[in-house]
Amino acid sequence: MLGPILPQNLWQKISHEVEFVDKYVKKLKTVQLVQLVINAEMGQYSSLAEISNSLTEDAFAKAIHLESISTSQISRRFREMSTDVAGIIHLENQPRVNLRMKMP
């Protein structure tokens, strides 16, 4: 779903560099959490409830392989997720963002 935004090998890199990134996670994997956050940013959602409710859109829910998720589960995953994940995503996308900003 987010192929044009995120590099294909990003999740492999995260799994390799952030030890046990999803080892004990049952429902909301890191890739799904990141996809929820990107969707929330694009939709300008202002609460966890809006993020959770975004899964009522069948196409989006199917694309990220997640039928539903509670606000408390989203909040818990945010607290548990390593900040290294955000750092890797930022470093992977910074060169592409800079290139797009330089284009006339």
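The values are calculated or read from the model by the stated rules, or taken from the named source; none is laboratory data. No experiment lies behind these values; they were computed from the predicted model shown. Cβ coordinates were reconstructed from backbone atoms using ideal geometry, including for glycine residues, and neighbour counts include every protein chain displayed.
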**Message:** Looking at the structure I just gave you, is residue 17 surrounded by 11 or more Cβ atoms within 10 Å (Cβ to Cβ) and in contact (Cβ under 8 Å) with a residue 60 or more places away in the chain?
**Reply:** yes
**Request:** Answer yes or no as to whether residue 91 is in contact with a Phe, Trp or Tyr (Cβ under 8 Å, 6 or more places away or on another chain) and modelled with pLDDT of 80 or more.
**Result:** no
**Asked** Can you name the residue in the range 20-43 that is at pLDDT 85 or above and loosely packed, with under 14 Cβ neighbours inside 10 Å and, of all such residues, is nearest to residue 67 (Cα to Cα)?
**Response** 27
**Fill in**
Those residues of the range 29-60 that are within 19 Å of residue 81 (Cβ to Cβ) and not basic (Lys, Arg) come to a total of 19
**Message:** Any residue in the range 64-87 that is closer than 17 Å to residue 24 by Cα sitting within a Cβ distance under 6 Å of a residue that is of a type in the set (Phe, Trp, Tyr) and exposed (fewer than 12 other Cβ atoms within 10 Å of the Cβ)? List the pairs, counting only those 6 or more apart or interchain.
**Reply:** none
